[in-house]
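Since the structure comes first, as structure tokens, the remarks are kept for the end.
The values are calculated or read from the model by the stated rules, or taken from the named source; none is laboratory data. If you're wondering where the values come from, they're calculated on a predicted model, not measured in any experiment. No Cβ is skipped: glycine too gets one built from the backbone with ideal geometry, and neighbour counts run over all protein chains shown.
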Amino acid sequence: MVEIGQISLVAAFILAVYVTVVGFAGGVLNGRDLVASARWGFYSVVPLLLIATTALIYAFVNNDFSVAYVAENSNLAMPRIYAWVAFYSGNAGSLLYIAVAFSIMASICLKVITKKLPYTAPYALGVMSMVLIFFLAVILFLANPLEKLPVTPADGQGINPLLIHFGMFIHPPFQMLGLISVALPYSVAVGALLAGRGGRDEWVDQGRLWGMVSWLILTVGLLLGSWWAYTILGWGGYWAWDPVENSALMPWLAMTAFVHSIMVQKRRGMFRMWNMVLVITSFTMAQLGMFINRGGPVPSVHSFAESTMGWIFLAVMGLTLFVSLVIFVIRYDTLKSRGRLESLISREAAFLTQNLLFLLIAFVTLWGTVFPIFSEAFDETTMTVGQPFFNKVNGPLILLLISLMGVAPLLPWRRATRRALVRMLMLPVVLGLGIAAAVLLLGITRPWAVASFAICGVAVSGVLQEWGRGTLSRHRRGEWWPRAFLNLLNANRPRYGGYIVHLAIIMLGVGITASSFYSVQRDVVMKPGDTETLGKYTFTYVGVNEESFADRLEETAEFEVWSGDKYLGYMYPYRAFYPEFRIAATRGAINSSPMEDFYLVPSEFNENGQAVFRALINPMVWWMWASCPILVFGTLVALIPRRRAKNIQLGLTPLTLSNVDQNRSTILGTED
Amino acid sequence: MSIVKVAVTRSYVLAILVISLVLIQLLVSCKAPTEISELDSRTNSLNKSIMCPVCPGESIDQSQNELAAHMRRIVREQIDGGETDSEIREYFVDRYGPVVLLEPPTSGIGLIAWIVPPVGLLIAICSVAIALIVMKRRKREEVADDTLSYSDRVRYFKLLEEGEGAEDGPPGREI
């Protein structure tokens, strides 16, 4: 089985090289047969890589420790269910996962763009297969997960115990998929540039589609990662501005800028160069993310796929950036803007400002992440740039961004009159101020928190106002209320779907604000029978239950918990010690409600029966996780394609060769 | 006055009513955030600003490591002993170097870390302003505006007759 996997990998690599050469050749020579051959070559890479992956999973499930990678990342004591996913827990296997996942996604993308963008597709195909060549080359020559050991060990070394969690099934695959999926909009955009069609806006719809697909996967990956950190890492937080987290956030930021700014090109034919810059930046950031995750220069708590090959990723990132910029410069003259900025108070200008803010946050995050290297090189002092720094510099920038999110969708294209501006902003601003007053009355007095809630209020009421207006005017035309609302959403899905996503982001913002400003915690030392309180919560430590497994010793504490007079029942935080790894994994017990989470986590159990626990109240964290399905829903609404509108702007009959003359006279009109 | 008149339409009254109801409902179900003692919150924020030396990137507040627990105890003892925040931080810097603080100092080379973000913001603001000025100054004739220029239209139909545009979609969207 392993040998078959090896052969498929080699075959996939050779095919990918063939596809690149023939794809580009087909594009340049305009040879339909060449392109078709390359395309089918690319499609056939998928089953080959699936065979290789199956071989690896088969080796894991059957405990085939003759395979070096299996021996390193699995053992007999590992819970069996994890054998199915352990293959992406290390460096080599995760590369194979990325290759196979990318080949599938890219094939779907290729199928779509071949139909929609026949001139661009061959070049996009070439770019995609080059991405694939890189991963397959690294797998074959540097980190082959199917390599055999000379001697078969009796047992493997085992998987990192922190990965033994339900989150393992969803977060890593999403996150890796997200990072590599940035290559899709990149391929489409660079393909269009190479084909000399970057200035025509025909690639915009496909660029937006794949940009949003990638954005969605990245977002879900980040949220799942935060959720996992919150439930397992057991310090009560969900985001620590760790280098690896930052490296996943940066491409997300650039991609968010891109999916917004591409709308300006779609509607107004502007920002053509800027969109290219954004898409190239996103891909560079995604590569940087992979570099940092695979043994980059900055230490991190979760470099699970750590290896010595980080520098190859860095070199390839540099090369990609350089080549992309060369292509950009060569095709520079095709990217002239059609429209122009007319006023600062316009949707275009708001989009531009928003884009720059996103890039600025990405840049500041990058700066903070690499600053320790910088300071060591120039001053020989090692410094740490951690959570407090990022909170202080990025916090205000994110707040600026959310206020823009509240105001920008209300602005019209081109320019706004003062009167229209007041009309649009009156209600949101009044309600924002109302919310500021309300939270002040509640006793929330920290200025940043008040500002954040008020700004979230502005953003929510902006969205509600837009929805309310549209629904009302449809209702006046005789539509039943709910029907009017649904028809409204349906009438402009990119816009109203975007609003749903905005609402989800505000939920996220509210959760983050509340939990970062008003989280309280206490470390308590307790003996069985002791009762402690935190805020309105009273908790009694009943005792500890020890249980021994093949790979770990679990100590599960039992608590009885009351909120005021209300009995909440038992909570079971636990700590598992993995002697082989000398790692303790703690898992908090969480009593979650939309208002606040009560979180209990053990930190140590002493010999004398005493134990140390940390109790936390994290307000409104629930909203962060609840935002995820809404966000996915909104993105899907915005993504569903509409039937192609055919030149309705001028009331022309559809353009075909037979009626060109008729249309010619209509358009050219007086000038003819 | 006229602006006010425009604003206070029926839709506004309705919207304000609905949203206020939601708001009141939220307020009723809300409660003031739990407060802890000044001492506890001081300890927490200090713990969050000091790194655990053996677990890179993690604060002693966050880390489960024994050393981190030990350092938390030291922080608490020093607070009880009447030391100020900066004295406590200094105590750890003396032992582990500046690397032990989770944010760079605002002096020496650490200052550069803090200066770059606001400078970046300034540059971003300037670039929006410059983009606006440059694009406003550009004459209308230079940009093809919303519709294709005469020469572009002629080119478009030429392309169309060659069968190229028909296959890949029209070169511009808003013809």
Hey, among the residues in segment A:398-415 that are over 26 Å from the mean Cα position of the chain (by Cα) and under 14 Å from A:Gly462 (Cβ atoms), which one's surrounded by the fewest Cβ atoms within 10 Å (Cβ to Cβ)? A:Pro412
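A quick yes/no check of all residues on (1) assigned to a strand (DSSP E or B); (2) over 26 Å from A:Gln387 (Cβ atoms); (3) touching a strand residue (DSSP E or B) at 6+ places or on another chain (Cβ under 8 Å):
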| position | (1), (2), (3) |
| --- | --- |
| A:Thr513 | no, no, no |
| A:Val524 | yes, no, yes |
| A:Thr540 | yes, yes, yes |
| A:Glu555 | yes, yes, yes |
| A:Ile590 | yes, no, yes |
| A:Val601 | yes, no, yes |
The listed residue being in a helix (DSSP H, G or I) and at pLDDT below 85, out of B:Val75, B:Val93, B:Val28, B:Val99: B:Val28
Could you please give the count of residues in segment A:160-204 that are under 30 Å from A:Asp333 (Cβ atoms) and modelled with pLDDT of 85 or more? 17
Of the conditions (1) crowded, with 17+ Cβ neighbours inside 10 Å; (2) of a type in the set (A, V, I, L, M); (3) part of a helix (DSSP H, G or I); (4) not assigned by TED's automatic domain parsing to the domain that holds A:Leu344, A:Ile444 clears all except one; give me its number. (3)
Unmet requirement for A:Met270, which otherwise passes all of (1) in the same structural domain as A:Leu335 (by TED's automatic domain parsing); (2) assigned to a helix (DSSP H, G or I): (2)
Which of the residues belonging to segment A:622-640 are within 19 Å of the chain's Cα centre (by Cα) and within 14 Å of chain B (Cβ to nearest Cβ)? A:Trp623
Which residue, of A:Tyr499, A:Tyr537, A:Tyr518, is away from every other protein chain (no Cβ under 14 Å), hydroxyl-bearing (Ser, Thr, Tyr) and surrounded by 19 or more Cβ atoms within 10 Å (Cβ to Cβ)? A:Tyr499
When only residues in segment B:62-77 that are aliphatic (A, V, I, L, M) and within 11 Å of another protein chain (Cβ to nearest Cβ) count, which is nearest to the chain's Cα centre (by Cα)? B:Ala68
Which of the following residues is in the same structural domain as A:Thr20 (by TED's automatic domain parsing), at pLDDT below 95, assigned to a helix (DSSP H, G or I) and not charged (D, E, K, R): A:Thr114, A:Thr152? A:Thr114
When you look at A:Ala437, is it out of contact with any helix residue (DSSP H, G or I) (no Cβ under 7 Å at 6 or more places or on another chain), more than 8 Å from every other protein chain (Cβ to nearest Cβ) and crowded, with 19+ Cβ neighbours inside 10 Å, yes or no? no
What residue, among those in segment A:126-165 that are surrounded by 15 or more Cβ atoms within 10 Å (Cβ to Cβ) and small (Gly, Ala, Ser), is nearest to the chain's Cα centre (by Cα)? A:Ser129
Considering segment A:361-371 alone, what residues qualify as being at the interface with chain B (Cβ under 10 Å from one of its Cβ atoms) and either touching a Pro at 6+ places or on another chain (Cβ under 8 Å) or surrounded by fewer than 23 Cβ atoms within 10 Å (Cβ to Cβ) (or both)? A:Phe363, A:Val364, A:Trp367, A:Phe371
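Matching residues to (1) under 19 Å from A:Phe283 (Cα atoms); (2) of a type outside the set (A, V, I, L, M, F, W, C):
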| residue | (1), (2) |
| --- | --- |
| A:Ala124 | yes, no |
| A:Ser129 | yes, yes |
| A:Ile133 | yes, no |
| A:Leu149 | no, no |
| A:Gly156 | no, yes |
| A:Asn160 | no, yes |
| A:Leu163 | no, no |
| A:Ile180 | yes, no |
| A:Gln206 | yes, yes |
Need pairs with beta-carbon distance below 6 Å; first residue of a type in the set (Lys, Arg) and within segment A:355-384, second not in a helix (DSSP H, G or I); sequence gap 6+ or separate chains. none
